[in-house]
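Let me begin by presenting the structure, written as structure tokens, before commenting on it.
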Amino acid sequence: MYKIHLPAIHGRLCIRSSEGWLITVDEQSELHALNLFTRASLALPSVATFFDVAGVVRDSDDRITDYVIGYDNLGEVPHEVEHMRVYYYLKAILDPSSTAVAVIHGEFNDLSFAHAGDESWTALQPPLPQIFCDIIFRKGLLHAMAISGALQGCCFNQKYLVGSPDCKDLFQVWRDSRWLPMDGNGWRESILPGDARMTVAFTIFKLDERRNEWSEVKDLGDLALFLGHNHSMALSTCKFPELTSSSIYFTGGYRDGYEMDQRVIRDIGVFNLTDESFQPYDFHSIDSEWNWPPQIWFTPAPFSSKP
């Protein structure tokens, strides 16, 4: 266990870790990318340049208090800065080789990207509307998965997905969760005050690129998957024997407001595909320093797989 002193990100919300980089949101809902080891940073475009942000509202001191979001059915609706900071961003990943950053954002999980130094975010809108749920850089392409299971590929060089360390395989993971009363007495489909949201099952599919279809798999071999809020990833248990083969290490990855509640127990653990068992990480108390903020996986850049 290591602790790193990072005064540069004090007060920011840490939302994602990708390829040795930490992506944070400041008090004005702006995105920042910082390498935790080299302390290098990337200049990213303003949140005001996302295609669905129609404008900003300022107070008498010229400080931004709200961002105005454009909706097809509701028109333009202002959202407070703090609301945007917590709820606007779903996923953000970075490709160090191209300094490209991809973001799933907004009410309908839209997809946008930018390179370091760009003045604005560029929307990636497929021919048919899609609600995106996960993204990954693989073999120089951005792969984006929709909740329908549709897979989109984008190549920037020409203006929960998990890739294996050797980039040969691409997995799609379905996660099932239930509400658990704090007294441990049974499961519920909906939440009541004091309930904890816990994972109860995983289903894994692997992409057959020749046949262009997904097939369910029951064994990951010497792979361990890491799932959660941030960049999904896979590591070889041959290179990292301290990990359990054919397992999924997971943190909470929910976006319904539950995950940003400081008063709940976190959904963190390991699922073993071999015997379909769960090993939860129990922090015992919502007052634990490990309970807040919500956990993200971090991979030091020297050990990250390259696209």
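The values are calculated or read from the model by the stated rules, or taken from the named source; none is laboratory data. Nothing here was measured: the structure is a model prediction, and the numbers come from that model. Note that we place each Cβ from the backbone using ideal geometry, even for glycine, and neighbour counts take in every protein chain shown.
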Exercise. Can you give me the ranges of the strands (runs of 3 or more DSSP E) entirely in region 145-238 with at least 1 residues that are modelled with pLDDT of 80 or more and surrounded by 12 or more Cβ atoms within 10 Å (Cβ to Cβ)?
Key: 170-180, 196-208, 213-217, 223-227, 233-236
Quiz item: residue 110: modelled with pLDDT under 75 and of a type in the set (Asp, Glu), yes or no?
Solution: no
Quiz item: Tell me, which residue of region 97-106 that is at pLDDT 90 or above and of a type outside the set (Gly, Ala, Ser) is farthest from residue 68 (Cα to Cα)?
Solution: 101
Quiz item: Restricted to region 251-276, and to residues that are outside any loop (DSSP other than H, G, I, E, B) and modelled with pLDDT of 90 or more, which residue is surrounded by the fewest Cβ atoms within 10 Å (Cβ to Cβ)?
Solution: 272
Quiz item: Just checking, how many residues over region 53-82 are surrounded by fewer than 15 Cβ atoms within 10 Å (Cβ to Cβ) and under 29 Å from residue 19 (Cβ atoms)?
Solution: 1
Quiz item: Out of all the residues in region 239-250, which are part of a loop (DSSP other than H, G, I, E, B) and either over 27 Å from residue 22 (Cα atoms) or not basic (Lys, Arg) (or both)?
Solution: 240, 241, 242, 243, 244, 245, 246
Exercise. Look through region 97-135, keep the residues that are of a type in the set (A, V, I, L, M, F, W, C) and in contact with a helix residue (DSSP H, G or I) (Cβ under 6 Å, 6 or more places away or on another chain), and return whichever of them is surrounded by the most Cβ atoms within 10 Å (Cβ to Cβ).
Key: 121
Quiz item: Any chance region 93-101 includes a residue that's within 13 Å of residue 30 (Cα to Cα) and part of a strand (DSSP E or B)?
Solution: no
